[in-house]
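Before any comments, here is the structure.
The values are calculated or read from the model by the stated rules, or taken from the named source; none is laboratory data. Since the structure is predicted, the reported quantities are computational estimates derived from the model, not experimental observations. Here the Cβ positions follow ideal geometry from the backbone for every residue, glycine too, while neighbour counts run over all protein chains shown. These accessible areas exclude ligands, DNA and RNA; they are computed on the full protein's heavy atoms, side chains included. Shrake-Rupley method; radii C 1.70, N 1.55, O 1.52, S 1.80 Å.
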Amino acid sequence: MILIVAGILYIRGRRTTKRKQIEVSRQGGAAKQDRIIGGFAATPDYPEPFGYKCQWFAVKTLDTQAVIEAMKMKDVQVSNWKSGIEGSYEGYYFVSPPVEGWTLVVNPIMPDLSGAAAPSPLIVIDRLSSRFGEACYFATHRVVEYHAWAKSIHGKIVRAYGYVGEIGETIIDEGEMSEEERENDVIFTGLDADEPRLPSEEDVLLMAAQWTIDPMMPNDHYDKGTGFVGVVINEEPLHR
């Protein structure tokens, strides 16, 4: 059973909020300033911070359309950052415009590393890195203390780490620890240590910033842009 389902009440709250926002736009207030297509705003905007209670892929490419094709997305439509990130909490996949050489694919409720739901994020980044050279996966959810990061180079996982605090277990620790993990002391103990050191959501955001880009979007030189939202029909194998 997917761990992220533990946040279903939070997701439902976001759904209600977004429905209200869309309804306001249709009534005319926001529609004068933005262009709504299928419930998603298409006016370019600056990158929207995200990362907490979230899952995402980072793909080293500027070719957004190629990422959409590789993800086998359906019902694709234009969306800006704000609308796309909000839609991702409803189950849509938001593919961002390129940021500092990376294209991001955001979906907080996609399959994670904890169970048998398909496809495993490791399968996805292997496929993406086979095509684009490098792809990473990041996830964090504070309700169950699920924290994970993984990197694939040219179709092969080189590092994958995942921890679930709710059960107190490291669910995956594959590959040699990366230089970025060592340099930033992202090193953990077990619960049996005298002073246990366990991963947190801040570690996930740190690793994303070290390996790819900071999902909190702290810089002031980003360009406005639009990405795309769509759905993915999961028909992938369960395991690598």
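Here are the numbers for this structure:
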{"read-out": "Sole residue being surrounded by 14 or more Cβ atoms within 10 Å (Cβ to Cβ), of a type outside the set (Lys, Arg) and out of contact with any Ser or Thr (no Cβ under 6 Å at 6 or more places or on another chain), chosen from 198, 104, 191", "value": "198"}
{"read-out": "Those residues of segment 89-101 which are within 14 Å of residue 231 (Cα to Cα) and open to solvent by 10 Å² or more (accessible area, probe 1.4 Å), in sequence order", "value": "89, 90, 91, 92, 93"}
{"read-out": "Test: residue in segment 167-177 that is among the acidic types (Asp, Glu), surrounded by fewer than 16 Cβ atoms within 10 Å (Cβ to Cβ) and within 28 Å of residue 46 (Cα to Cα)", "value": "no"}
{"read-out": "Where a residue in segment 149-161 is of a type in the set (S, T, N, Q) and its partner, wherever it lies, is buried (at least 24 other Cβ atoms within 10 Å of the Cβ), with Cβ under 8 Å and at least six apart", "value": "152/125; 152/128; 152/135; 152/136"}
{"read-out": "Among the residues listed as 86, 48, the single one being assigned to a helix (DSSP H, G or I), modelled with pLDDT of 95 or more and either of a type in the set (Asp, Glu) or open to solvent by 30 Å² or more (accessible area, probe 1.4 Å) (or both)", "value": "86"}
{"read-out": "From 204, 232, residue being buried (at least 17 other Cβ atoms within 10 Å of the Cβ) and at pLDDT below 95", "value": "232"}
{"read-out": "Options 140, 212; residue that is within 20 Å of residue 85 (Cα to Cα), in contact with a helix residue (DSSP H, G or I) (Cβ under 8 Å, 6 or more places away or on another chain), among the hydroxyl-bearing types (Ser, Thr, Tyr) and touching a residue at least 60 places away in the same chain (Cβ under 8 Å)", "value": "140"}
{"read-out": "Cβ pairs under 7 Å, 6+ apart, first in segment 42-65 and touching a residue at least 40 places away in the same chain (Cβ under 8 Å) and on the phi > 0 side of the Ramachandran plot, second of a type outside the set (Lys, Arg) and open to solvent by 40 Å² or more (accessible area, probe 1.4 Å)", "value": "51/216; 53/10"}
{"read-out": "Count of segment 142-153 residues which are of a type in the set (A, V, I, L, M), closer than 22 Å to residue 178 by Cα and open to solvent by less than 10 Å² (accessible area, probe 1.4 Å)", "value": "2"}
{"read-out": "Hey, residue 139 small (Gly, Ala, Ser), open to solvent by 20 Å² or more (accessible area, probe 1.4 Å) and in contact with a His (Cβ under 9 Å, 6 or more places away or on another chain) or not", "value": "no"}
{"read-out": "Within segment 119-136, considering residues that are in contact with a His (Cβ under 9 Å, 6 or more places away or on another chain) and among the small types (Gly, Ala, Ser), the one most open to solvent (accessible area, probe 1.4 Å)", "value": "130"}
{"read-out": "Only one of 168, 91 that is among the small types (Gly, Ala, Ser) and without any contact (Cβ under 8 Å) to a residue 24 or more places away in the chain", "value": "168"}
